[in-house]
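Worksheet for the structure shown next.
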Amino acid sequence: MTLDRTSLVTISRRNFLQTGSGLALATALTSMSGAAFAQSVDLDELLKPGPLGDKILGAEDAPVTIVEYSSMTCGHCANFHEKTYPALKAEYIDTGKVRFIFREFPLDAVAAAAFMLARSAPPEKYFEIIDIMFEEQRSWAFTDNPYNSLLNFSKQIGFTQESFEESLTNQGLLDAVNAVRDRGSNEFGVNSTPTFFVNGEKHSGALSVEQISEIIENEL
């Protein structure tokens, strides 16, 4: 999913709750697939965590570090996490070859709200919730009333209406999620999701198992 920078939706602590049924996905977003040309960024700078800290899987001393910037309402991101991520985790993350860092890059208000929920859950549940959100993406992300859809979905993962609204009215949390997105865009040139940095080298698009394996193997 490609980002028109002018179309980014920044939600305030009020307008997600107040305009619930009026929220729509950003209309200027278009689709993309496949890998873009590679470019590199300063790995030390890339690995500096954001205000909420990074969500990380894998060995700290793994020879390959992958940073993924993702949006919860991005169909390409869901495709990657459904088709490629399980093999990546089993073959590389769980075996100590890859350290995996997942970062928030919401392309719209609904994605920002989903990340806020994931960050409000118990820390050890973060990746489990992200996985479920991608698996069930169509049930909550693409509806006529995203507020109610996300509320109903949140109840399935342990939220009450009170804790749901408490999460989505946390302005500091929203600002922190947006700060991760803005830094990715401004400092590392992230302009689409999913975007991956493999030991600092940028790759865009929903990489297949074969594509990401080849990239990793070249780094080992």
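Structure above, values below:
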read-out	value
Within the accessible area of region 127-195 (1.4 Å probe), percent carbon and sulfur	41
Interchain or long-range residues, amide H under 5 Å from Ser204's placed H	Ala36, Phe196
Distance-filtered residues of region 93-117 - backbone nitrogen under 18 Å, label point 7 angstrom along Ala87 Cα→Cβ	93-98
Rounded accessible area per residue of region 142-193, 1.4 Å, Å²	45
Simple spin-label estimate for Asp175 and Ser213 in nanometres, 7 Å along Cα-Cβ	4.6
Within region 30-138, chymotrypsin sites (Phe, Trp or Tyr not before Pro) in DSSP loop having at most 14 other beta-carbon neighbours inside 10 Å	Phe37
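The values are calculated or read from the model by the stated rules, or taken from the named source; none is laboratory data. Keep in mind the model is a prediction, meaning the values are calculated, not measured. We place every Cβ from the backbone using ideal geometry, glycine too, and count neighbours over all the protein chains shown. For accessibility, only protein heavy atoms count, side chains too; no ligands or nucleic acids. Shrake-Rupley method; radii C 1.70, N 1.55, O 1.52, S 1.80 Å.
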